[in-house]
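Okay, so here's the structure we're looking at.
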Amino acid sequence: MTFLAHVLRVLRALLRALATALVVPLLLFEEWGWEPLAALVARLSHLPLWAALEERLRRLPPWGALLAFFVPVLLLLPVKVLALFLFGRGHAASALTVLVLAKLVGTAIVARIFQLVEGPLMRIPWFARWYPRWKAWKDRVLDFVRQSRPWRLVRALNRRLARSWRHFKEG
């Protein structure tokens with residue numbers, strides 16, 4: 001192996017590790033929030049207008065479903081730019097609040113839309129090919145994180161705190 005090939009291999013490994021480290025917090029948030037936030041948005045389906053919107057989403061053709069899936073992501077882009085503007089103006093707390101709220105709302109809506117349009121999305125050949133790969137990669141990364149010592153320590157601490165809180169409330 002040439003020196004250049006070795007350097008490129010090391011750089012690729014470093015970039016992969018860096019990308020994974022940057023993506024893990026997002027994956028953990030999505031994993032934590034996906035189901036509960038989607039369930040929260042699903043509660044809105046008792047409203048007639050919302051129920052009609054969900055029914056239209058369910059009937060979308062594959063490419064319409066893909067567009068519907070990405071619209072919330074695009075609509076939240078200006079909100080994220082606003083957060084960057086606030087950071088730049090020295091309003092870190094406001095910017096962080098905007099980002100967290102945008103992430104919560106965005107995840108809730110995208111998760112619910114995905115539940116409604118997963119069938120049509122899976123009829124798009126490239127989506128049907130890549131989504132299982134993405135999900136398998138995501139599951140491997142999350143399993144790795146969950147097996148790590150820091151994760152196990154934080155989980156144990158969290159369980160201890162929950163027990164202490166229950167005892168405090170009862171006592």
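The values are calculated or read from the model by the stated rules, or taken from the named source; none is laboratory data. Remember, predicted model here, so these are calculated numbers, not experimental data. Virtual Cβ from ideal backbone geometry, glycine too; neighbours counted across all protein chains shown. Keep in mind that these areas ignore ligands, DNA and RNA; they rest on the heavy atoms of the full protein, side chains included. Shrake-Rupley method; radii C 1.70, N 1.55, O 1.52, S 1.80 Å.
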- Query: Given Phe29, Phe114, Phe69, which one is surrounded by 10 or more Cβ atoms within 10 Å (Cβ to Cβ) and modelled with pLDDT of 90 or more?
  - Reply: Phe114
- Answer from Thr20, Thr2 - the residue that is open to solvent by 50 Å² or more (accessible area, probe 1.4 Å) and among the hydroxyl-bearing types (Ser, Thr, Tyr): Thr2
- Those residues of region 88-101 which are exposed (fewer than 12 other Cβ atoms within 10 Å of the Cβ) and not in a helix (DSSP H, G or I) amount to Arg89, Gly90
- Contact list, first residue from region 7-28 and without any contact (Cβ under 8 Å) to a residue 12 or more places away in the chain, second anywhere and open to solvent by 50 Å² or more (accessible area, probe 1.4 Å) and not in a helix (DSSP H, G or I), beta-carbon distance below 9 Å, six or more apart or interchain, is Arg9/Met1
- Query: Val105: of a type outside the set (Lys, Arg), open to solvent by 60 Å² or more (accessible area, probe 1.4 Å), more than 21 Å from Gly64 (Cβ to Cβ) and touching a Leu at 6+ places or on another chain (Cβ under 9 Å), yes or no?
  - Reply: yes
- Residue within region 130-149 that is part of a helix (DSSP H, G or I), more than 19 Å from Glu30 (Cα to Cα) and of a type in the set (A, V, I, L, M) present: no
- Task: Only one of these is assigned to a helix (DSSP H, G or I), within 29 Å of Gly119 (Cβ to Cβ) and touching a Phe, Trp or Tyr at 6+ places or on another chain (Cβ under 6 Å): Leu28, Leu44. Name it.
- Result: Leu44
- Message: Whether any residue in region 51-63 is of a type in the set (Lys, Arg), part of a helix (DSSP H, G or I), open to solvent by 60 Å² or more (accessible area, probe 1.4 Å) and touching a Gly at 6+ places or on another chain (Cβ under 9 Å) is what I want to check.
- Response: yes
- Filtering region 117-140 down to residues that are surrounded by fewer than 16 Cβ atoms within 10 Å (Cβ to Cβ) and among the aliphatic types (A, V, I, L, M) yields Met122, Ala128, Ala136
- Do we have Phe85 as among the hydrophobic types (A, V, I, L, M, F, W, C), over 24 Å from Val141 (Cβ atoms) and open to solvent by 50 Å² or more (accessible area, probe 1.4 Å) here? yes
- Kindly provide the set of residues from region 72-82 that are surrounded by 15 or more Cβ atoms within 10 Å (Cβ to Cβ) and either among the charged types (D, E, K, R) or in contact (Cβ under 8 Å) with a residue 24 or more places away in the chain (or both), ordered by number. Pro72, Leu76, Lys80
